[in-house]
Amino acid sequence: MTIAKIPFGRALRSEFLLEEQYVPLNHGGYGACPRVVRSAMRRYQDQAEQNPDRWLLRLVFKHLKENRDRVAALVQCDSPDLTFTSNATSAINSVVRSGFLNPGEKILWFNTTAHSSVKKIMTFLEDTHKMTLVPVELQYPLSDQDVLDITRRAIEHELAKDPKVPIRLAVFDAISALPAVRVPYEAMIQLVREYKILSLVDGAHAIGQIPLNLREADPDFFISDCHKWLFVPRGCAILYVPKRNQNFVHSCIISREYKSTAMKGTVSTPFEREFAWPGATDFSPYLCFNDALDFRESLGGEEEIQKYCNKLARQGGQLVADALGTELLLLETKDEDEPTFAMVNVRLPYMDKHNRPEKEIIDIIFDKLMFERNTSAGPFKHYGKWYVRLCAQVYNDLDDFQYFAQAIQKVVDELEKENID
Ligand SMILES: Cc1ncc(COP(=O)(O)O)c(C=O)c1O
């Protein structure tokens, strides 16, 4: 694919299918697909329709393997240890509902920062699998060392309470969603391993936003959405399971490939076979890694993209905070650090005393931003304080943050007026 190099910023927006006047600052929510990648996906869909048998019995597996090899090189792992799933939620479901977690065993998880779907998956495991949940609270701002110390203390405390009941699994983020924080997940993997606890890393926001080296990080399970930050069409995620764990993990969709035996060919191991066939479906998003990565290379490659987005998030976030007369969440402790990821949490002014339910306020802010101001970003409350999460992408520039500052100021002013009236 050859496309002319367009500079990062507003000019690049036309390469995506986003509405002309829309100011998108919530890329981490659902991602956005470049035009060329979307066209490629439609070509694969057309190809499938031209000869469904040839496609679904043979050709699709060859294309899946080519794409898997390319993404494995990006995240630095062996290709047969990776599989595609439709999204992060289904990948996490597959791991935790595989059947290796026994009633009464414990799961360590981070209840104040976990994604809402993960919270519900934990509740489900407690209800149906009779797992004991061990919640760990992270009240940001915290340093990486604080996070590790809090985690170690929680494990020690739990083991001291009842040394005979094992903590079987720890579920933690690579980058948490709300607040957006780059978690020291590599050190967390090592920490929980000291206690023989399996690590499940929710890296939904990781691929495309931060560099990954899964071989070196060596998690027991790692998942990442690819439709968020990598520009692959929705829904597409990777699930990484190193060989040592493949014999006890199953797809949450049990298909004809359950307990299938090893075979020669492009999809060879039982693990690969089981995950590769969730029943007949449209595999075309999974075939777009090559196209998404080609597009990213045409923009300058991973490092250039990440450098631009990280810097813009920090500068744009600061611009919004200055305009609102507030501050960024992480800068309360990390003023000097280079930004390492592309999301930022900006404190919202005079919101903390609002007495409506949190969910209602979130809905009102989203509605006002999306339908009245033609922009979007995720509002959230963390330990009594209100913030908004802003995401920087290659199609954004500081003008977008400037626009957002005015939009969110109006929204909080309106909310404040309604609160007083
Ligand atoms: C940290 C985290 N985990 C899991 C998910 C769920 O992702 P999906 O809806 O793509 O399954 C999200 C979605 O935003 C997320 O931010």
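Just so you know, all these numbers are worked out from the coordinates, no wet-lab data involved. All figures in this text were calculated on a predicted structure; none of them were measured in a lab. Reconstructed Cβ throughout: ideal geometry from the backbone, glycine too, with neighbour counts over all protein chains shown.
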> More than 24 Å apart: what percent of Cα pairs in segment 66-214 qualify?
Replying inline: 33 percent
>> Using only the alpha carbons of the chain, what is the convex hull's orientation-averaged projected area in square nanometres?
In response: 21.3 nm²
> Dipole of segment 214-350 (Lys/Arg Cβ +1, Asp/Glu Cβ -1, origin at the Cα centre): which of Thr269, Cys226, Cys288 lies farthest to the positive side?
Replying inline: Thr269
>> Given the -39500 (n - 2.57) contribution per DSSP H run of 4+ residues, what per-residue ellipticity at 222 nm results for the chain, rounded to the nearest 500 deg cm²/dmol?
In response: -12000 deg cm²/dmol
> So between Glu194 and Lys120, what do we pick up on full extension, going 0.36 nm a residue minus the alpha carbon distance?
Replying inline: 23.9 nm
> If you wrap a convex hull around the Cα atoms of segment 140-235, how much volume per residue is inside, in Å³?
Replying inline: 107 Å³
> So for Val192, Val232, Val320, fewest C-beta neighbours within 10 Å to most, what's the order?
Replying inline: Val192, Val320, Val232
> If you put +1 on each Lys and Arg Cβ and -1 on each Asp and Glu Cβ, how big is the dipole of segment 44-293 around its Cα centre, in Debye rounded to 20?
Replying inline: 620 debye
> When we measure straight from the Cα of Lys417, which aspartates and glutamates land under 15 angstrom away, once same-chain ones fewer than 8 places off are left out?
Replying inline: Asp352
> In segment 184-252, which trypsin sites (Lys or Arg not before Pro) are in a loop and have at most 10 other Cβ atoms within 10 Å, using DSSP for the loop call?
Replying inline: Lys196
>> With unit charges on the beta carbons (Lys and Arg positive, Asp and Glu negative) and the dipole taken about the Cα centre of the chain, which residue among Gln406, Val320, Ile155 sits farthest to the positive side?
In response: Ile155
> About the Cα centre of segment 1-70, what is the dipole size in debye to 20, counting +1 per Lys and Arg Cβ and -1 per Asp and Glu Cβ, all else neutral?
Replying inline: 260 debye
>> Report, to one decimal in Å, the Kirkwood hydrodynamic radius for segment 44-293 based on all distinct Cα pairs.
In response: 18.7 Å
> Quick one: Ile362, Ile254, Ile155, Ile408, fewest Cβ neighbours within 10 Å first, how do they rank?
Replying inline: Ile254, Ile362, Ile155, Ile408
>> Show me the chymotrypsin sites (Phe, Trp or Tyr not before Pro) within segment 172-266 that DSSP assigns to loop and that have at most 16 other Cβ atoms within 10 Å of their Cβ.
In response: Tyr195, Tyr258
> Can you tell which of Trp109, Cys309, Asn51 lies farthest toward the positive end of the dipole of the chain, using +1 and -1 charges on the Cβ of basic and acidic side chains (Lys, Arg; Asp, Glu)?
Replying inline: Asn51
>> If you average the alpha carbon positions of segment 79-114 and of segment 151-166, how far apart do those two centres end up, in angstrom?
In response: 21 Å
> Using 1/(1 + (r/R0)^6) with R0 = 45 angstrom and r between the beta carbons of Asp322 and Asn213, what's the FRET efficiency to the nearest 0.05?
Replying inline: 0.80
>> Loop-only trypsin sites (Lys or Arg not before Pro) in segment 1-77, please: DSSP not H, G, I, E or B, and at most 13 other Cβ atoms within 10 Å.
In response: Lys5
> Build a GNM of the chain with springs between Cα atoms under 10 Å: which of Asp367, Asp282, Asp220 gets the top mean-square fluctuation?
Replying inline: Asp282
>> Test of understanding: ordering Thr269, Thr89 by Cβ neighbours within 10 Å, fewest first, what list do you get?
In response: Thr269, Thr89
> Under unit Cβ charges (Lys, Arg +1; Asp, Glu -1), what dipole magnitude, rounded to 20 debye, does the chain have relative to its Cα centre?
Replying inline: 1380 debye
>> Among DSSP bridges having both ends in the chain, what percentage is antiparallel? Round to the nearest 5.
In response: 55 percent
